[in-house]
Structures are given as structure tokens and as C-alpha cells.
Amino acid sequence: MQRTHSPIVFPRWYSVGAALVAVVLWSVAPLLAERAHTSSPLQLTALTLLAGALATMPLSRRVNVASCSRSWQLGIWLGIPLLILGAVSTYFIGMRLAPAAEAALITYTWPVLFVLLSQWSRFGKLRLAGVTGALIAFSGAALLLVPQALSSGLGGATVGYGLALLAACCWALYSWVSQAAPVSITPLLPRMLLIACAMTTLASLAFEGHPALPSTEALLAGVALGLGPYGIAMVAWDKALRWGHASLVGSLAYGVPILAGLLLVLAGVSVLDWRLPTAALLVVIGCLNAGR
């Protein structure tokens with residue numbers, strides 16, 4: 001099925017504004033996740049996805065998904081919920097095992113992965129600028145990962161960094177699939193979040209047993225995560241991708257690791273040393289180079 005396009009043309013600042021809303025809300029996510037550390041990761045994921053589904057419910061409307069190919073139907077109702085589940089859960093678990101600011105920085109290398117996927121799907125090959133940008137960005141992540149791996153082996157924080165990188169891959173794939181889908185994802189997002197929430201609840205019961213009820217602070221932080229970074233922000237990001245150019249919109253997300261790290265330092269959660277700002281600078285430079 002060929003993808004249909006709306007005859008309405010939006011000014012560029014529509015997509016820029018929507019992307020900036022998502023960027024600001026995503027920047028707060030690491031701090032909120034840290035505030036909810038007393039809740040188990042899968043329990044927090046389920047709570048966050050439920051709150052996100054409720055926050056986006058007013059946008060839900062009927063979409064003729066049945067007119068899409070079977071592969072797209074499977075991708076929409078199973079693939080995207082699995083990507084959301086993978087992105088959120090591995091991010092939360094990674095932040096428990098590794099320092100919050102460093103794990104968040106590695107997760108937010110996803111824009112460069114998204115740019116590479118977009119280039120491959122559009123041109124059938126990777127451009128030199130994209131590959132070079134990816135190498136620069138991941139050298140920033142390696143600046144954090146390699147010393148930890150050498151000092152403590154393949155455990156603890158290193159596993160957390162690996163899970164943060166897995167979250168980045170899930171977000172990149174989610175953004176690419178959302179952009180390539182033959183129908184708009186926004187009206188379907190509440191149902192996909194509920195499907196992901198149900199999957200997470202089953203996983204939590206299977207792997208975490210019956211965890212205790214979250215504390216008031218963890219509950220409020222989980223609800224805030226669902227309403228903002230995984231509710232409003234996801235809708236704004238989908239609109240930005242639909243209204244604007246992938247490289248332009250993707251470049252705005254490069255500021256997330258800077259803002260997220262700054263908020264964690266200001267809140268006293270992370271300690272600022274030379275590696276964190278240097279790694280963040282390398283990630284931003286690499287992403288900008290990839291999105292040229």
C-alpha cells in the first residue's frame with residue numbers, strides 16, 4: 001500500500017515547536033526516573049505506560065489499520081508496543097545499574113541511529129557524513145563505557161550501559177517505524193501504550209513476583225513520566241516527524257543529553273567531572289554531523 005499524505009502543509013515552525021516540546025520533556029525523564037528508584041523497574045515501566053495511555057487517550061480515534069498490509073498490521077499492534085516496552089524498561093533498568101547521567105547520555109545517542117536508518121531507507125545506502133557522525137557520537141559513549149569495563153569487568157555499571165544502548169536502539173527503531181508507517185501513529189498511541197503496559201505487567205509478575213506498592217514519591221514520579229516524557233512528548237515527536245524533515249527534527253533531539261545531564265547535576269543526583277561534558281559534546285557533534 002502506498003503511503004498517503006495530507007494535503008495540508010504546515011509551516012516549518014510547527015514541527016520545530018513540537019520537537020522542542022518533546023526535547024524538554026525527555027530531558028526531565030532521567031531526573032523523574034531517579035526519583036522513582038524505590039519502585040522496581042518493570043513495575044515503574046507499567047505505571048509509566050498506563051499513565052501515558054491515559055494522558056494520550058483524548059487523541060485516540062478510529063484509524064483504518066485493516067487497510068494496511070498484514071506486515072504493517074503486525075508491526076503496529078505488536079512491533080511498536082514491543083519497541084516501547086523495550087525502550088522504557090531497559091532505560092529504567094540501565095539507570096539502576098549505571099550512573100544516571102551516563103546511562104541517560106548513552107540512551108540519547110538514539111537520534112544518530114535514527115538518522116542512519118532514515119538515510120538507509122531513503123537512499124538505500126549510508127552516507128559518509130552519517131557514518132562519521134555515528135563514530136564520533138559513539139566515541140563519546142565509549143569514553144564513559146570503556147574505563148568502567150576495564151576497571152570492573154562486564155558487570156554492574158557496564159551492563160547498565162549496555163541496556164541504555166539497547167534502549168537507544170529501540171527508540172531509533174520506534175521513530176523510524178512511526179515515520180514510515182502508512183497511517184498516523186498518534187491516534188493509535190493510547191492503545192499501543194495499553195498493549196505495552198499489559199505486556200510489562202505480565203513480565204513484572206513473572207520476573208519480579210508481587211512487588212510492594214510504590215511509595216508516594218515513586219508513584220508521583222511514575223505518573224509524571226507517563227504524562228510527560230512518555231505521553232505528551234511521544235505525541236509531539238510523532239507530529240514533528242509527520243510535519244517536518246527527519247534530519248531537521250532529529251537534530252533538535254541532540255540537545256536532550258546536555259539538558260538531561262545538566263538537570264541531574266543541578267539536582268545533586270550526578271557529580272560533574274570532565275568525562276561527562278566531554279562525552280556529551282562528542283555525542284552532539286556526532287549527531288549534528290550525521291544529520292547534515
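A short reminder: the numbers here are calculations on the coordinates, not readings from a lab. Source: prediction; values computed, not measured. Quick reminder, even Gly has a Cβ in these numbers, built from the backbone with ideal geometry, and neighbours come from all protein chains shown.
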Tally Lys and Arg at +1 and Asp and Glu at -1 over the other residues with C-beta under 15 Å from the C-beta of Gly160: what net charge comes out?
-1
Count the net charge of all other residues whose Cβ sits under 12 Å from the Cβ of Leu264, scoring Lys and Arg as +1 and Asp and Glu as -1.
-1
For peptides 158-167, 70-79, 261-270, sequence by mean Cβ density within 10 Å, most packed first
158-167, 261-270, 70-79
Ranking request for peptides 113-125, 188-200: highest mean number of other beta-carbon atoms within 10 Å first, then the rest in descending order.
188-200, 113-125
